[in-house]
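The values are calculated or read from the model by the stated rules, or taken from the named source; none is laboratory data. Only a predicted model underlies this, so the values are computations on that prediction, with no experimental measurement involved. Side chains included, ligands, DNA and RNA excluded: accessible areas come from the protein's heavy atoms. Shrake-Rupley method; radii C 1.70, N 1.55, O 1.52, S 1.80 Å.
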Amino acid sequence: MKHLALTLLLSILMTIPQAMAQQPVWALVIHGGAGNVTPGRITPDKQVQYEAKLLEALAAGQNVLAGGGTAMDAAIAAVQIMEESPLFNSGKGAVFNADGKNELDASVMDGRTGKAGAVAGVTVIRSPVEAARRVMDSSAHVMLSGRGAEAFAREQGLELVEPSYFYTDESWQEYMKVKERLEKEGRKGTVGAVALDKEGNLAAATSTGGMTFKKYGRIGDSPVIGAGTYASNESCAVSCTGHGEYFIRNSVAYDVSARMLYLGETVDQAATYIINEKLKSQGGTGGLIALDKNGNISTPFNTPGMFRGFVTSASGPEVKMFR
Ligand code: ASP
């Protein structure tokens, strides 16, 4: 009997450090878009560039979180590195709409306060994700669009740029190709980040140029709270990427949280079901990144690949793009 109690005590004691090591005090997960990301399409040289940029984005968020900063600051810092990079479909490098213009969408949500902010269809704001945060922090609204959003960004003293700032040859070539084929498939990566800070607060941020050859004025899931972005300290933080119409119709980001709360699913069960079963059965392509309040990570996608990475106080950084 004594022996049994001792064995039990010993096994409990041995699992404590393990559990502590497994549960990170802070965590950050990022994505740079889901799509036709395959070794055949991404040259080795490009692969190196993507890996370096994803690591840079993780490092930016890690600096914030390791220093005791907030999940929101970390998510935005990571997203801004990718917005500034022409490699991704957000900020510089955003895809072109059917009229040959860049129209950008972004959103953020704070899991602690439940507050959210978004901008849609903006054309001159250098960092749409920062504008989204200002909408959350400094306006009475959740979403501002087009010229109203741009006027607000100006009032807030955010940096405005000429629309040509967002131009990259690569996105233009993609636009011309798609235009020629009159096909709406071309896609490169939206960006997003979800973070958990030392205080146990979650935050999510997403920024995109939308889908190549989208109709002028089309708004995707990325700026829609509950579709492309969601965060709640009770459950998880989520940022999505993929064919936005499907993500809006299925309230994907919110559904991850709802399944966890209502069905008692883990973050991975909820996210995997939505991406690999629900959306897939409808023909909706894409993926998401999700992080729960205990630092558990899920990054499912039903496309050939998705740019993604994570770093936590316990492990990483690690970046991947293929299956
Ligand atoms: N979800 C974005 C949109 O539909 C695009 C993407 O993630 O690739 O606007």
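What is the antiparallel percent of DSSP beta bridges lying wholly in segment 58-163, to the nearest 5?
65
Suppose all protein chains stay in the model; what accessible area per residue would a 1.4 Å probe give for segment 84-166, in Å²?
39
As a test of reading the structure, rank 263, 158 by solvent-accessible area (1.4 Å probe, protein chains only), most first.
Solvent-accessible surface, decreasing: 263, 158.
For helix 44-66, what angle does its Cα long axis make with the longest principal axis of the chain, in degrees from 0 to 90 and rounded to 10?
60
Considering the chain as a Gaussian network with a 10 Å cut-off on Cα pairs, which listed residue, 258, 57, 271, attains the greatest mean-square fluctuation?
258
May I ask you to derive the relative contact order of the chain, considering only C-alpha pairs under 8 Å and at least 6 residues apart, and to give it as an integer percent?
For the chain, the relative contact order is 25 percent.
Please report, to one decimal in angstroms, the Kirkwood hydrodynamic radius of the chain built from all distinct Cα-Cα pairs.
Computed over Cα pairs of the chain, the Kirkwood hydrodynamic radius comes out at 19.5 Å.
Give a residue-ordered list of calculated ³J(HN,Hα) values for segment 69-75 (Karplus: 6.51 cos²θ - 1.76 cosθ + 1.60, θ = phi - 60°; whole Hz; x for Gly, Pro).
x, 7, 4, 5, 4, 5, 4
Please calculate how many Å² of accessible area segment 250-323 carries per residue, with a 1.4 Å probe and no DNA, RNA or ligand atoms counted.
About 41 Å² of surface per residue is accessible.
Given a 1.4 angstrom probe, I'd like the percentage of the accessible area of the chain that is carbon and sulfur, rounded to a whole number.
54
So how tilted is helix 146-155 from the main axis of the chain? Cα-based, degrees 0 to 90, rounded to 10.
70
Kindly provide log₁₀ I(q)/I(0) values, in the same order as q = 0.11, 0.13, 0.21, 0.24 Å⁻¹, from the Debye equation applied to equal alpha-carbon scatterers of segment 31-144.
-0.41, -0.56, -1.20, -1.33
So who's got an amide H within less than 5 Å of the one on residue 305, skipping anything under 5 residues away but keeping other chains? H placed 1.01 Å off N, in plane.
Here 35, 37 satisfy the definition.
Kirkwood hydrodynamic radius of segment 268-319 from all distinct Cα pairs, in Å?
About 11.8 Å, per the Kirkwood formula over Cα pairs.
When each pair of different Cα atoms in segment 212-323 is counted once in the 1/r mean, what is the Kirkwood radius in angstroms, to one decimal?
After inverting the mean inverse Cα-Cα distance, the result is 14.2 Å.
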